[in-house]
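Q: Submitted below is the structure of interest, expressed as C-alpha cells.
The values are calculated or read from the model by the stated rules, or taken from the named source; none is laboratory data. Nothing here was measured: the structure is a model prediction, and the numbers come from that model. When we count neighbours, we look across all protein chains shown, and the Cβ atoms used for this are built from the backbone with ideal geometry, even at glycine. What goes into the accessible areas is simple: the full protein's heavy atoms, side chains included, and nothing from ligands, DNA or RNA. Shrake-Rupley method; radii C 1.70, N 1.55, O 1.52, S 1.80 Å.
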Amino acid sequence: MSEVQHFTHAPETLKQEYVKFLDKTAIEMGRTNSPSDRVDWSAVNDKMVEWWKEKGYVFP
C-alpha cells in the first residue's frame, strides 16, 4: 500500500488549482471583504480536505 503524500508535495499546477478552488468556495459560502465576514472557515476547510483527498493528497 502506497503512502498518501502531503499536499505540499503536489505539483505547482495543482496548488494553483487549489487556490482558485479555495477562493471560489469561500465566495460561495459568503466571503466578502467586510470586517463582519461570517464565513464558516471550518466548513471551507472540510471542503479543502475533501478536494485534496480526491486528488490523492493529505490536507493539511
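Q: Just to confirm, what accessible area per residue do you get for the chain at 1.4 Å probe, in whole Å²?
A: Working: 4600 Å² over 60 residues.
Solvent-accessible surface per residue comes out at 77 Å².
Q: Okay, next question. Could you give the angle, 0 to 90 degrees to the nearest 10, between helix 12-28's Cα long axis and the longest principal axis of the Cα atoms of the chain?
A: 30 degrees
Q: Ok, one more. What 222 nm value per residue comes from the helices of the chain, counting each DSSP H run with n ≥ 4 as -39,500 (n - 2.57) and dividing by all residues, nearest 500 deg cm²/dmol? Write down the numbers at each step before the final one.
A: On the way: 2 runs with 32 residues, N = 60.
Per the formula, -17500 deg cm²/dmol.
Q: Continuing with this model, one more query. Relative contact order (percent) for the chain, with alpha-carbon contacts under 8 angstrom and 6 or more residues of separation? If you can, show how the numbers build up before the last one.
A: Working: 37 pairs, mean separation 28.7, N = 60.
For the chain, the relative contact order is 48 percent.
Q: Can I ask one more? What is the percent carbon and sulfur in the accessible area of the chain, measuring with a 1.4 Å probe over the protein chains and ignoring ligands?
A: Details: 2420 of 4600 Å².
Carbon and sulfur atoms account for 53 percent of the accessible area of the chain.
Q: With axes computed from alpha carbons, what is the tilt in degrees of helix 41-55 against the longest principal axis of the chain, rounded to the nearest 10 within 0 to 90?
A: That helix lies at roughly 30 degrees to the long axis.
Q: Continuing with the same structure: Along the Cα-to-C-beta direction of Glu17, a point sits 7 Å from the Cα; which residues of the range 41-60 have their amide N less than 13 Å from that point?
A: Inside the label zone: 51-57.
Q: Let me spell out the model: positive unit charges on the Cβ of Lys and Arg, negative unit charges on the Cβ of Asp and Glu, origin at the Cα centre of the chain. What dipole size does that give, in debye rounded to 20?
A: Values: 8 positive and 10 negative charges, 20 e Å.
Roughly 100 debye, rounded to the nearest 20.
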